[in-house]
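First comes the structure, then the notes that go with it.
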Amino acid sequence: MSALIAALTARHGLPVVDADSIDAFLAPAAGEPDHALLLFTGDPNQRADSGDVAVVLPELIAAFPGRFRAGVVARSAEAALKIRCRVEVFPSLVVLGGSIVLDVLPRIRDWSEYIDRLGAALRPDAPAFSAPSRVEVTTSARRADA
């Protein structure tokens, strides 16, 4: 774990969430916000922007005070939780309302995009996340009689 990611738990007090604790984390205690923001870091040795996202996360917490709970997904649990949280790219921030994924923000983004997308996902009427559809490009063989 990089020092920047470790600081999220040591300095900022964010919990580490794994497959055994995610359901408890996503169920807010009395007085806690309904929304959660999870950081999937990926391997920081292979994903240089993991540290960048780790620096941004406390700034997002400060920009939206009291609007969500934040946690860091344990590296050992990322493979098990990435499908549930609709993560395809590391690092990613996942916004959840209860157990419903509302948005997934892969890699490092512009600050304005974080603010806009997180603000939209935190609205009470925010729709569930719909991953962009993939476009499949195929080529067809040219007909000999054409």
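Quick check: at a probe of 1.4 Å, how many percent of the accessible area of the range 6-86 sits on carbon and sulfur atoms? Write down the numbers at each step before the final one.
Numbers: 2010 of 4030 Å².
Here carbon and sulfur together make up 50 percent of the probe-accessible area.
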Quick one: dipole size for the chain, taken about the Cα centre, charges +1 on Lys/Arg Cβ and -1 on Asp/Glu Cβ, in debye to the nearest 20. 220
Cα-only Debye scattering, the chain: base-10 log of I(q)/I(0) at q = 0.11, 0.17, 0.18, 0.20 Å⁻¹: -0.42, -0.92, -1.04, -1.31
Which order do you get for Glu78, Glu113, Glu59, Glu88 if you rank them by accessible area with a 1.4 Å probe, largest at the top? Glu88, Glu59, Glu113, Glu78
Working from Cα positions, state the angle (0 to 90°, nearest 10) between the long axis of helix 111-121 and the longest principal axis of the chain. 90
Keeping every protein chain in place, order Ser76, Ser99, Ser21 by accessible area at 1.4 Å, biggest value first, i.e. largest first. Ser76, Ser99, Ser21
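Can you tell me how the range 1-85 classifies by the Cα gyration tensor, rounded, prolate or oblate, using a/c under 1.5 as the rounded cut?
Details: a/c = 1.98, a/b = 1.21, b/c = 1.64.
The shape class here is oblate.
Once the Cβ-Cβ distance between Glu59 and Arg84 is put in as r, and R0 is 30 Å, what FRET efficiency do you end up with, to the nearest 0.05? Present the calculation step by step, with values, prior to reporting the outcome.
Details: r = 26 Å, r/R0 = 0.88.
Working from the Cβ atoms, E equals 0.70.
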Which of the three applies to the range 27-72, rounded, prolate or oblate, going by the alpha-carbon gyration tensor with a ≥ b ≥ c and a/c under 1.5 meaning rounded? oblate
Computed ³J(HN,Hα) along the range 81-86: with the Karplus parameters 6.51/-1.76/1.60, θ = phi - 60°, integer Hz and x for glycine or proline, the list is 9, 5, 5, 4, 9, 6
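The values are calculated or read from the model by the stated rules, or taken from the named source; none is laboratory data. Small disclaimer: the values here were computed from a predicted structure and weren't measured. Please note: Cβ atoms are built from the backbone with ideal geometry, for glycine as well, and neighbour counts cover all protein chains shown. These area figures cover heavy atoms from the full protein model, side chains too; ligands, DNA and RNA do not enter into them. Shrake-Rupley method; radii C 1.70, N 1.55, O 1.52, S 1.80 Å.
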